[in-house]
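K.L.:
Right, I'll just put the structure down here and ask away after.
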Amino acid sequence: MSKSSKPWKSTPARHKSAADISVSIRAANIADLPSLVALENATFSADRLSKRSLHRHLQSDTAKMLVAVSGESCLGYALLLFRADSSAARLYSLAVDRKARGRGVGRALLLGCEKNARRCGRTYIRLEVRADNKKARALYISEGYSARVVVSDYYQDGMAAVKFEKPLRSRRASIGQA
Ligand SMILES: CC(C)(COP(=O)(O)OP(=O)(O)OC[C@H]1O[C@@H](n2cnc3c(N)ncnc32)[C@H](O)[C@@H]1OP(=O)(O)O)[C@@H](O)C(=O)NCCC(=O)NCCS
């Protein structure tokens with residue numbers, strides 16, 4: 001669990017997907033490390049986070065990790081980074097178990113990140129995604145993220161990154177505009 005002086009309030013949010021799986025989003029803790037390593041290794045072939053990095057992020061004051069769980073299974077995770085001098089939170093990683101994809105887990109994690117970024121006083125979320133990652137780009141666009149800039153030769157294999165950004169409206173503002 002994060003050593004943040006402001007403890008993470010992790011009341012699990014429950015989401016039901018079209019495929020009728022019930023998923024809870026909660027803050028990750030050290031007991032999730034083996035699942036996080038397995039997910040990371042199964043998902044990414046390059047630019048992977050090592051076990052050591054994942055462990056460090058789990059204990060960092062400037063990182064928040066969320067996991068999507070169904071029963072005993074960890075179906076996905078998201079890593080959000082915070083910098084003291086920035087009004088933006090950075091979505092650094094998002095991964096869903098192949099067997100659970102297309103059932104709303106990625107979206108539930110993304111919405112969980114937005115909620116937590118708001119709670120931490122951030123007014124934006126920023127992220128980079130591989131230019132050839134159509135699924136992830138479709139997810140971000142469907143949730144209101146805008147592509148800001150393309151950075152060539154960003155990843156280890158030379159692939160470009162698209163930088164996305166979304167302003168986070170406060171809950172009160174969202175309700176007021178509904
Ligand atoms: C990208 C990823 C996180 C999406 O997770 P997921 O649980 O499959 O996504 P969801 O079921 O919540 O779908 C949300 C949206 O993503 C997009 N999407 C998901 N699967 C898609 C597919 N096969 N083709 C096109 N768009 C797709 C759609 O916009 C979808 O919304 P819709 O169902 O209303 O059409 C998942 O595919 C993944 O882990 N990929 C490998 C790692 C990765 O690319 N991470 C992102 C790095 S920035």
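K.L.:
Could you say whether any residue in the stretch 142-151 is exposed (fewer than 15 other Cβ atoms within 10 Å of the Cβ), within 7 Å of the ligand (Cβ to nearest atom) and either of a type in the set (Lys, Arg) or at pLDDT 95 or above (or both)?
P.N.:
Scanning the stretch 142-151 turns up at least one residue that is exposed (fewer than 15 other Cβ atoms within 10 Å of the Cβ), within 7 Å of the ligand (Cβ to nearest atom) and either of a type in the set (Lys, Arg) or at pLDDT 95 or above (or both).
K.L.:
Which residue out of 122, 118 is more than 22 Å from residue 48 (Cβ to Cβ), surrounded by 18 or more Cβ atoms within 10 Å (Cβ to Cβ) and more than 10 Å from the ligand (Cβ to nearest atom)?
P.N.:
None of the others qualify; the one that does is 122.
K.L.:
Then there is this: Give the residues of the stretch 129-140 that are more than 7 Å from the ligand (Cβ to nearest atom) and under 18 Å from residue 167 (Cβ atoms), sorted by residue number.
P.N.:
Selection gives 140 alone.
K.L.:
Further, regarding this structure: In the stretch 81-93, which residue that is under 22 Å from residue 39 (Cβ atoms) and of a type in the set (Gly, Ala, Ser) is nearest to the ligand (Cβ to nearest atom)?
P.N.:
Looking at residues that are under 22 Å from residue 39 (Cβ atoms) and of a type in the set (Gly, Ala, Ser), I get 93.
K.L.:
Would the stretch 67-74 turn up any residue that is among the hydroxyl-bearing types (Ser, Thr, Tyr), part of a strand (DSSP E or B) and crowded, with 23+ Cβ neighbours inside 10 Å?
P.N.:
no
K.L.:
Out of 77, 155, I need the residue that is part of a strand (DSSP E or B), within 16 Å of residue 40 (Cβ to Cβ) and within 16 Å of the ligand (Cβ to nearest atom). Which one?
P.N.:
Just one listed residue meets the conditions, 77.
K.L.:
Being more than 22 Å from residue 42 (Cα to Cα) and buried (at least 17 other Cβ atoms within 10 Å of the Cβ) is the filter here, so list the residues in the stretch 82-98 that pass it.
P.N.:
Answer for the stretch 82-98, where residues must be more than 22 Å from residue 42 (Cα to Cα) and buried (at least 17 other Cβ atoms within 10 Å of the Cβ): 82, 88, 89, 90.
K.L.:
Can you tell me which residue among 127, 49, 39 is of a type outside the set (D, E, K, R) and part of a helix (DSSP H, G or I)?
P.N.:
39
K.L.:
Just the residues that are more than 12 Å from the chain's Cα centre (by Cα), more than 7 Å from the ligand (Cβ to nearest atom), within 16 Å of residue 22 (Cα to Cα) and assigned to a helix (DSSP H, G or I), please, taken from the stretch 94-115.
P.N.:
Hit for the stretch 94-115 is 99, nothing else.
The values are calculated or read from the model by the stated rules, or taken from the named source; none is laboratory data. Everything numeric in this text was worked out from a predicted model, so none of it was measured. Note that each Cβ is placed from the backbone with ideal geometry, even for glycine, and that neighbours are counted across all protein chains shown.
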